[in-house]
Structure formats: structure tokens, C-alpha cells
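Below is one structure, written out as C-alpha cells; the observations come after it.
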Amino acid sequence: MMAYADANELLTQIERIGVDEVRGGYSRPVFSEAEAQLREWFIRHAERRGLEVETDGNGIVWAWWDPAGHGRTGAIATGSHLDSVPGGGNFDGPLGVASALAALDVLVGRGIAPARPLALAVFPEEEGSRFGLACLGSRLATGASDPATVHALRDADGIGYDDAARAAGFDPDLIGPDPERLARLAAFVELHVEQGRGLIDLDRPIALAGGIIAHGRWHVRIDGRGDHAGATRMADRQDPVVVAARVIASLREQTLAVDEARGTVGRVHVTPGGTNVIASAAELWLDVRHRDDERVRAIVSAVAAAAADAAEAEGCTVTITEQSFSPTVDFDAGLREEMAEALPGAPVLDTGAGHDAGVLSEVVPSGMIFVRNPSGASHTPAEHAEPADVAAGVVALADVLEHLLTR
Ligand code: HGY
Ligand code: MN
Ligand code: MN
Ligand code: MN
């Protein structure tokens, strides 16, 4: 068994993978060369620790530690994701995977005799950056998203999920609900860099997760009439970008009107995209979040009404399509009590960020550990955790896993 591997050291091993020279930070979309290298990195480390590694039909990698030969039942699982948003940081996802490997080393170093197996897990396409569906792997496994929806997904270059999966060596015909595999799990714990300022304000290194606020994604397409920027009088225009601007402003207004709501348009696409060309179409994607599912939907319907008015005034048409919706998650209270027994006094924080643990919590008691992020920022290269807090996160995860594995 390896000597105790510091999660910080594990993270430095991947910090040259998927560097985005244009945007800055990291771009590690699912089925990309960078993501493949990260998967190999994880599998290499898992195999070096004598774990039995399998990649399932949904692209989830499971690495089993079962020294007492209990068999794959009643397992405790821990892990996270390795894909990133475009221009993201090196901690969102990889910190949870590196900490899982390092926590296993701590458990082995302590000589604990687990009463049940441990599975380290890596979930694909958690960010939904390539195909638009967040937590794609865990949503397939739990049945939250059906295979037909995924087979129909296309990336920004028009490449379909199936073709991308095959090109990366996966068989898309194998995707789908995986109740048998998930039934092997008694609990899932995900360690994740905090994406916010909660631990900064509390001046604490780690926290347990209370819940995840609801979040949905909508695709908005506005069709107008392309024309010449100079030869077309203003009265004769049907400019979809003007409607898009109204939609973005409406989302901001509607979100500000609801306490603690979050509304973002982080991605806009204009066709054909010429400076001297009135666009023929504009697309934008809404990301709306709130602890109350219905508030999210109310905000989106208000924005849809504003979009319809703006489109009518401009002689354009607008189509709004829901891409995904994850209801508010309250993590399993019993599991959190067990985790709190292992981590007495740990604060409990909600998160505005979605996670595979939130999706899995539908079918497996799930919990999370957050590690302080001094920048308070995430989905940006500024995201990070100090080495001492990374180490504290590993020990906290090891303490929780030891508690759960020896019950
Ligand atoms: O978007 C999110 O909340 C997560 O980081 N995928
Ligand atoms: Mn994440
Ligand atoms: Mn993320
Ligand atoms: Mn207990």
C-alpha cells in the first residue's frame, strides 16, 4: 500500500492537464483528451492501492476497497467528478477525488478493519459543460434522466453524445438506470471545495452540507431576420439580439425581486455573429436557483412572459426549452448525524452549487463535506483551497469514512 499520499500532492500531479491557454484556468469537458488523462490518473492511483476498478455503462468509474472480502454490498462510497466548466479551477471536482484517495491512505495507515467495503467513485459530465445536462452520469444511473434524452444531446459543435462517447471508447448503448449497482451502496459522501464564502465568514476549515438549493437550466432561442447592419433602417429590423438583451435584463430584475434567488446567463450565442450583420438568431441559456423549487419556476415564467412581449415588439419568435431541473435537496439527516459524530462541532452549510451527491441522494443516503476556499469564488481559476485546509478535509473525510465503515 502506498505511503500516505497528500491530496495537495495528488492535485499538483494533474495541474498541467486541460489547461486552457485562451480562457485561462482549466477546460476538461467530458470525453475530451484532458478528461481521459484525468480518468487514467485516477485509475492508476486506484490500481496502485490494490483497488478493483470498473467503469460502468454510464461512464462512472468505481474503485473498490474490500480487504475483508465482504463483497459488494452495504458499501460506503466517496468521490466526485474530474470534468470542469470552461476556464474553471483545479479544485471543483478533483479535490473530492484526490481527497478520497488520500483518505483511503489514511485509513490504511490507521490499520482499520472495515466492516463493509469502500468504493471510490468518479462521475462523468457533472458540470454538464459539453452536453448541457449537469450530473449526467449520476442522473443516468439513478434514472433522473432517461437514455433517450441523452442520446439526443449534441454539443456546441453539433457532435452527438453517442458519437462523442464512442470516439472516447465508451459504448453509448450501455447507458441507463443502474439500480443494482446503486443498491450496493449504504451511503455516499462527497468532499468538495466550498463554492461560496460560508467557511471564510465562519473562519472554519470544513463544514457538513445541509442541502442544495433547486436549480434549473433553460435554453432560449430567438429567431429574427438577418440583414445588413448599414442598409437596413431601424424600423425594418427584426433583431433577435435586442430581444436577448431584454431577456437577460428581465432575468436580473426577476431574480433580484426574490430574496436569495440566483439567476445567470453565462452563455450567449449569436448567429451568424458578424459585426456588420443583423443576426438571424440568438441563443442564451438561463441558470436559475432558489431553495424553493416553485420560486425558480415562477422566475422563469415571468422571464418567459417578458421574452414573449419583447419578441412580439421586435417581430421575432422565441422558444424556451427546459434542459434540466434539480429540485432542492435536503441531505439525509441520519447520515449527517453519523458524520457529525465523527466531526463534532462541524458547522452545517447549504450550497448554491449542484453536485452528484444531490442527484444520488434520491436513492442513496448522501452527504457532503465542504473545504474552505479563501477566494470564495468557483468556476474560475481563482478557486482554491489552502494546503492546510486540504489536509484537514482529508482527515475529516477519513474520520467520517472510518466511522461509517466500522459501524
Ligand atoms: O453548476 C453547478 O452548480 C455545479 O458546479 N455543477
Ligand atoms: Mn463540482
Ligand atoms: Mn462546478
Ligand atoms: Mn454512529
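Using only the alpha-carbon atoms, how far is helix 33-48 inclined from the longest principal axis of the chain? Give it as 0 to 90 degrees, nearest 10.
10
Got a sec? How would 369, 200 order by Cβ neighbour count within 10 Å, fewest to most?
Exposure proxy ranking, most exposed first: 200, 369.
What ranking, highest mean first, results for peptides 300-307, 107-114, 333-340 when packing means the other Cβ atoms within 10 Å averaged over each residue?
The most tightly packed comes first, giving 300-307, 333-340, 107-114.
Cβ neighbours within 10 Å, averaged per peptide: list 382-395, 258-271, 350-363 in order, most packed at the top.
350-363, 382-395, 258-271
Using only Cα atoms, tell me the angle between helix 94-110 and the longest principal axis of the chain; keep it within 0 to 90° and round to the nearest 10.
Compared with the principal axis, the helix lies near 10 degrees.
Hey, what's the per residue convex hull volume over the C-alpha atoms of the range 215-326, in cubic angstrom?
Dividing the Cα hull volume of the range 215-326 by its residue count gives 85 Å³.
I want the local charge near residue 359. Using Cβ-Cβ distances under 11 Å, sum +1 for each Lys or Arg and -1 for each Asp or Glu among the other residues.
Local charge sum for residue 359: -3.
Apply the Debye scattering formula to the range 310-353, with a single equal point scatterer on each alpha-carbon and no solvent, then give log10 I(q)/I(0) at q = 0.25, 0.29, 0.31 Å⁻¹.
Debye curve over Cα of the range 310-353, log10 I(q)/I(0) at q = 0.25, 0.29, 0.31 Å⁻¹: -0.95, -1.08, -1.14.
Against the empirical 2.2 N^0.38 Å scaling, what ratio does the C-alpha Rg of the range 68-112 come to?
Here the Cα radius of gyration is 1.50 times the empirical estimate.
Would you please state the base-10 log of I(q)/I(0) at q = 0.14 1/Å for the chain, with intensities from the Debye formula using one equal scatterer on every alpha carbon?
Taking Cα atoms of the chain as identical point scatterers yields -1.24.
Run the paramagnetic zone check for residue 260: 7 angstrom along Cα to Cβ, then residues of the range 193-225 with backbone nitrogen under 13 Å.
210-214
So, counting K/R as plus one and D/E as minus one, what does the shell of residues with Cβ under 12 Å around residue 397 add up to?
-4
What does the charge add up to near residue 230, with Lys and Arg as +1, Asp and Glu as -1, over the other residues with Cβ less than 13 Å from its Cβ?
0
Find how much the distance from residue 49 to residue 19 grows on full extension, using 0.36 nm per residue of separation minus their present alpha carbon separation; answer in nm with one decimal.
Result: 8.0 nm gained on full extension.
Against the longest alpha carbon principal axis of the chain, how many degrees, from 0 to 90 and to the nearest 10, is the axis of helix 240-256 turned?
For 240-256 against the chain, the angle is about 50 degrees.
Could you tell me how far the Cα centroid of the range 358-407 sits from the Cα centroid of the range 106-185, in Å?
One Cα centre to the other: 20 Å.
Rule-based calculations on the coordinates, nothing more; no lab input. All of these numbers come straight from a predicted model, not from anything done at the bench. Don't worry about glycine lacking a Cβ; one is built from the backbone with ideal geometry, like all the others, and counts go over all protein chains shown.
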